[in-house]
Structures are given as C-alpha cells and as structure tokens.
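*Asks:* Please read through the structure below; I'll follow up with questions.
The values are calculated or read from the model by the stated rules, or taken from the named source; none is laboratory data. In this text the structure is predicted, and so the values were computed from the model without any measurement. Note: ideal-geometry Cβ built from the backbone for every residue, glycine included; neighbour counts use all protein chains shown.
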Amino acid sequence: MKQSEAFLQCQSCKKIIFSVDFEQNLRVCPYCGHHHRISAETRIQWTFDEDSFEETDTDLRSGNPLDFPDYIDKLRTAEQKTGKFDSITGGRAKLSGMPVSIAVADFGFMGGSMGSVAGEKITRCLERAANEGMPAIIFCASGGARMQEGLLSLMQMAKTTAAVQQCREAGVPYIAVFTDPTMAGVLASYASVADVIVAEPKALVGFAGARVSKQAGVSKVPDDFQTAEFCLKHGMIDAIVPRKEMRATLTSLVKTLGGHLLEVKA
C-alpha cells in the first residue's frame with residue numbers, strides 16, 4: 001500500500017484516501033469497499049472487549065525438521081516484521097462481556113501459512129473451548145500449509161479437524177470468519193467445518209489458487225469465482241459480514257448459539 005503521512009492509495013480501486021478516514025473506516029476503502037488486510041493484533045483490538053484478551057501458548061516455536069534451506073532465516077524475518085513467532089495468535093477474550101476462546105491468523109507472517117505451531121495453536125483454541133465450556137471463534141487468513149515442514153505441516157489438517165469434533169461433543173459452538181485470503185489446507189480442514197461460517201466481503205476463498213488452477217487446465221470460471229460472494233451463492237458460507245458489523249454479528253451468534261453456556265456459568 002502506497003501511502004504518505006496524510007494520504008494512502010487503495011490497493012483495489014487505486015483512489016487516494018485520507019489516512020484518518022481510512023483508519024476510522026477500519027481500513028476499508030470508502031469508495032470501493034475493499035477490506036485491506038490487517039494484523040492479528042488490530043483485529044483483536046477492533047473485535048473483542050478492551051483489555052480482555054489474554055494470549056496463551058506464547059512459548060511455541062517452529063523447528064526445521066527437514067533442514068529446509070533458508071527456512072530459519074525466513075522465520076526470523078517474519079518474526080521481526082510482525083513481532084510474533086508464528087501466524088496464529090490465540091488465547092481467551094471477552095466479546096460483549098461473554099468469554100470466548102479465540103485464534104486469529106496474520107497473513108503478514110509467511111502468508112499465514114499453517115505449520116506445526118499454527119496447527120497446535122488452533123487445536124488448543126478449540127480444545128480450550130471444549131474443556132472450559134465457551135464458544136470458539138477463529139479468524140482465518142492463510143495461503144495454505146507450510147511446505148518447509150512437510151508432513152508435519154499437512155498432519156495439522158487432521159489434527160485441527162479432530163479438535164472441532166471435541167467442540168461438537170462438548171456442545172460448544174465454533175464460529176469461523178473467512179478473511180482475505182482463506183485458501184488450501186486451512187480451507188480444507190478446520191475452516192470449512194465450523195458450525196457457522198461468515199466472511200468479509202470479497203475475501204478470496206478456495207483450495208487451489210488461480211495460477212495452480214490454470215496449470216491444471218481450469219480456465220473458464222465465473223468472474224466471482226473463489227470469492228466470498230461466490231461461496232455464499234453456492235451455500236459454502238452462511239453470511240458475508242462487513243468489518244464494521246463483525247463485532248455485532250459475532251456477539252449475536254455467540255448469544256444465540258452459546259446462550260446455554262452462559263446460563264450454566266451464571
């Protein structure tokens with residue numbers, strides 16, 4: 001995103017926006033409605049109750065089981081860029097006073113890729129919800145599994161999906177929020193098996209990216225293919241929710257689906 005101190009340019013329509021207006025509009029373009037990507041910290045700040053977030057599992061670190069060239073250097077670069085040690089930030093928070101277990105992906109950390117640490121944090125988020133009797137909310141943003149960790153990365157798909165089943169057996173709701181992009185191994189595992197799936201407008205959602213699909217000979221697709229709008233039209237997601245309405249929508253869902261949990265705690 002090109003920007004000066006007072007102005008910036010929308011990544012989609014390329015129009016110039018006042019920086020103050022852009023921030024007040026939660027980094028959504030006032031002209032075309034493009035939802036620009038935001039960090040996990042910013043999303044937590046805008047979605048959950050002030051000072052209610054308690055981060056967990058901060059001691060987890062990725063190794064280099066395959067001795068993949070330059071992998072450690074890429075991890076260190078991502079750490080310096082984001083101030084985090086992996087693509088998922090997880091913990092406990094409150095939403096309009098209601099306790100929830102959350103995990104939030106940050107595309108800025110190696111494209112939000114899911115390796116062993118990301119998968120473990122997602123799993124712990126879901127297990128925490130099941131064990132402590134509170135709803136789980138996961139914000140998805142990923143280009144897929146992290147190839148540098150090989151099968152250790154791919155097995156996270158099965159592990160996270162199994163954790164979703166624990167929530168179901170415990171009777172706690174799990175809500176997934178698709179942000180731009182939600183792709184590949186993440187979509188094919190825990191993201192697509194939530195009780196309720198909502199998405200930000202025009203978020204990229206799919207398994208294989210456009211370049212991979214083209215290599216496979218897939219060329220004739222609808223103009224809105226692999227977007228949240230296409231997925232809504234075909235029944236894959238339940239609703240498209242603008243960023244300004246996300247907190248209120250999640251609050252309503254948690255009250256509706258998790259009201260019995262609140263009664264038990266009371």
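*Asks:* So which residues in the range 207-244 are exposed (fewer than 12 other Cβ atoms within 10 Å of the Cβ), of a type outside the set (K, R) and either within 30 Å of E23 (Cβ to Cβ) or at pLDDT below 80 (or both)?
*Replies:* Selection gives Q215, A216, G217, S219, P222, D223.
*Asks:* Still on this structure, I have one more. Do you know which of the residues in the range 60-78 that are part of a helix (DSSP H, G or I) and touching a residue at least 24 places away in the same chain (Cβ under 8 Å) is nearest to V104 (Cα to Cα)?
*Replies:* A78
*Asks:* Out of the residues in the range 62-84 that are polar (S, T, N, Q) and exposed (fewer than 15 other Cβ atoms within 10 Å of the Cβ), which is farthest from Q156 (Cα to Cα)?
*Replies:* Among them, the one singled out is Q80.
*Asks:* Let me ask another. Any residue in the range 1-20 that is modelled with pLDDT of 90 or more sitting within a Cβ distance under 8 Å of a residue that is of a type in the set (D, E) and loosely packed, with under 14 Cβ neighbours inside 10 Å? List the pairs, counting only those 6 or more apart or interchain.
*Replies:* S19/E5
*Asks:* Just name the residue that is surrounded by the fewest Cβ atoms within 10 Å (Cβ to Cβ) out of those in the range 1-40 that are closer than 26 Å to I137 by Cβ and in contact with an Asp or Glu (Cβ under 8 Å, 6 or more places away or on another chain).
*Replies:* Of everything passing the filter in the range 1-40, S39 is surrounded by the fewest Cβ atoms within 10 Å (Cβ to Cβ).
*Asks:* So K84 passes all but one of these: (1) within 16 Å of Y190 (Cβ to Cβ); (2) assigned to a loop (DSSP other than H, G, I, E, B). Which condition number does it fail?
*Replies:* So K84 meets the others, but not (1).
*Asks:* Let me ask something else. Name the one entry in D49, D57 that is of a type in the set (D, E, K, R) and either assigned to a helix (DSSP H, G or I) or touching a helix residue (DSSP H, G or I) at 6+ places or on another chain (Cβ under 6 Å) (or both).
*Replies:* D57 is the lone residue from the list that is of a type in the set (D, E, K, R) and either assigned to a helix (DSSP H, G or I) or touching a helix residue (DSSP H, G or I) at 6+ places or on another chain (Cβ under 6 Å) (or both).
*Asks:* For the range 12-31, check the following and say yes or no: at least one residue is part of a strand (DSSP E or B), outside the structural domain of F139 (by TED's automatic domain parsing) and under 18 Å from the mean Cα position of the chain (by Cα).
*Replies:* Yes - at least one qualifying residue is present in the range 12-31.
*Asks:* Limited to the range 29-59, what total is found for residues that are of a type in the set (A, V, I, L, M) and at pLDDT 95 or above?
*Replies:* So the count comes out to 1.
*Asks:* If you go through the range 118-140 one residue at a time, do you hit one that is in a loop (DSSP other than H, G, I, E, B), among the aliphatic types (A, V, I, L, M) and closer than 23 Å to V196 by Cβ?
*Replies:* Yes, there is a match, as at least one residue in the range 118-140 is in a loop (DSSP other than H, G, I, E, B), among the aliphatic types (A, V, I, L, M) and closer than 23 Å to V196 by Cβ.
*Asks:* Mind listing just one residue for me: the one in the range 245-256 that is surrounded by fewer than 16 Cβ atoms within 10 Å (Cβ to Cβ) and not β-branched (V, I, T) and, of those, farthest from A136 (Cα to Cα)?
*Replies:* Among those residues, the one meeting the criterion is E245.
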